[in-house]
Structure formats: C-alpha cells, structure tokens
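Working notes, beginning with the structure itself.
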Amino acid sequence: PDELFEVTLKMDGSSTTFYVRPNDEGVVETGVCSSNLELKTDESNADNLFVKMYNELNIGSELKAFYARTGRSVAIQGELWGEGINGNWEGVKGVNFNVFDVFDCDKHCYVSTYERWNILAELGLFNKHVPIFAVGTLSELGLETLKIEDFLSFADRPSIHNKIAEGVVFKSLSEPNFTFKVINTGYLLNGGE
C-alpha cells in the first residue's frame with residue numbers, strides 16, 4: 001500500500017514504437033514498429049498510419065539529435081489511436097499518438113518515470129504523454145486494501161473522448177519494470193476487446 005505509482009489512462013489503439021540506434025556499421029538509424037513489425041519509412045509506406053505519425057512528429061530527426069547529444073539508444077513506446085484503428089473507441093477524426101514508456105536499448109530496461117518525463121520533454125513530446133491521473137501511494141489513492149474490486153472501481157472512469165475508458169495503468173516509481181493494468185469492466189461490456 002505504500003508503494004509509489006504513476007497512474008495513467010490506458011488508450012485503446014495500436015502499440016507503436018519509434019527508435020534510434022546505431023546499426024552494425026555504426027550508422028545511427030531511426031525507425032518505426034507496429035506491435036509485430038518493423039516498417040519501412042520510405043515512399044512505399046507513405047500511406048501507412050504508423051509511418052505517417054513518424055513523419056508528422058518529425059521523430060526521426062528528433063531522435064537522431066537526441067542520440068547525437070546523449071549517445072543513448074532509446075525506443076519511444078506509445079499508442080496510436082483514432083480513425084481507422086481498432087474501431088476508433090474514442091470516436092475522433094484523424095489519428096493521435098500518446099507515449100506510455102521509454103525503453104533504454106543499451107541497458108535493456110525501461111527508464112524511470114521521471115527520466116521518461118525528462119526524455120520526452122527533451123524530444124518535445126511531453127504533450128504526447130498518456131494522461132496522468134495521479135502520482136502517489138496506493139493508500140493515497142484509496143487502494144490500500146489491495147482488493148480487486150477497489151481497483152476495478154478506480155478504473156471505472158471516462159476516457160479522453162469516450163464516457164468509458166479502456167482502463168488505467170499503474171507503474172511503480174521505484175521499479176520501472178513493475179507495472180500492471182486494470183481494464184474497465186464497462187469497456188469490456190460495451191464492445192472493447
């Protein structure tokens with residue numbers, strides 16, 4: 001109950017990763033991946049929603065500049081959501097992207113919450129972070145009993161554009177790899193998958 005967590009909105013969309021790393025020859029590369037595939041960022045994929053967002057955010061240039069300043073290989077992970085994606089739960093026009101994690105490719109681990117915030121600010125992407133509900137202990141959030149029904153009640157909330165959110169995500173501030181999701185039962189009962 002005294003563990004500190006960051007609590008964010010879980011978005012209904014498609015997992016997306018933008019990365020920067022040197023290849024085997026030492027040339028710094030950037031790219032974009034869906035949940036299962038690395039995608040070409042050339043003209044052959046110009047109409048792909050993931051590649052469009054990569055270009056719209058100018059993330060390739062931003063990540064290369066970040067690598068040049070820091071020498072760090074990172075992967076920005078987030079959710080692509082909106083028109084044409086997973087039934088568009090939010091019911092919006094266009095496509096949006098929200099970051100939920102940053103992975104340190106050199107150390108093979110997720111960065112801490114505060115480090116994620118700093119990296120996103122440096123990349124000009126903090127405004128693309130998933131909505132943050134709270135940073136506090138489970139006790140401060142009224143979840144000290146650790147009962148599942150209390151977590152389900154906590155997850156029963158609106159999303160950005162829908163009166164029913166997919167759920168919430170809890171990330172430990174002391175252990176970045178410890179996270180858990182609570183899916184809103186209203187989301188499941190109303191057609192969410």
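Things to note:
- When you filter the GluC sites (Glu not before Pro) in segment 100-167 for DSSP loop state and at most 13 other Cβ atoms inside 10 Å of their Cβ, you are left with 144.
- For the chain, a Gaussian network of Cα nodes joined below 10 Å ranks 36, 127, 162 by mean-square fluctuation, and the top entry is 36.
- Solvent exposure of segment 5-74 amounts to 50 Å² per residue of accessible area, where only protein heavy atoms count and the probe is 1.4 Å.
- Of the listed residues 106, 24, the order by accessible area with a 1.4 Å probe, largest first, is 24, 106.
- Relative to the Cα centre, the charge distribution of the chain, modelled as +1 at Lys and Arg Cβ and -1 at Asp and Glu Cβ, gives a dipole magnitude of about 280 debye.
- Net charge of Cβ neighbours under 14 Å - reference residue 110; Lys, Arg +1; Asp, Glu -1: -2
- Reducing segment 154-176 and segment 54-69 to their Cα centroids gives an inter-centroid distance of 28 Å.
- Gyration tensor verdict on segment 123-193 (Cα atoms; rounded if a/c is under 1.5, prolate if a/b is larger than b/c, oblate otherwise): oblate
- Among (1) 17.5, 54; (2) 21.1, 66; (3) 19.4, 60, the entry that matches Rg and Dmax of the Cα atoms in Å as calculated here: (1)
- Taking 49, 37, 63 in turn, the Gaussian network model of the chain (Cα-Cα springs below 10 Å) assigns the largest fluctuation to 37.
- Formal net charge of residues neighbouring residue 79 (Cβ-Cβ distance under 9 Å; K, R +1; D, E -1): 0
The values are calculated or read from the model by the stated rules, or taken from the named source; none is laboratory data. Keep in mind the model is a prediction, meaning the values are calculated, not measured. Note that we place each Cβ from the backbone using ideal geometry, even for glycine, and neighbour counts take in every protein chain shown. Please note that ligands, DNA and RNA were not included when accessible areas were found on the heavy atoms of the full protein model with its side chains. Shrake-Rupley method; radii C 1.70, N 1.55, O 1.52, S 1.80 Å.
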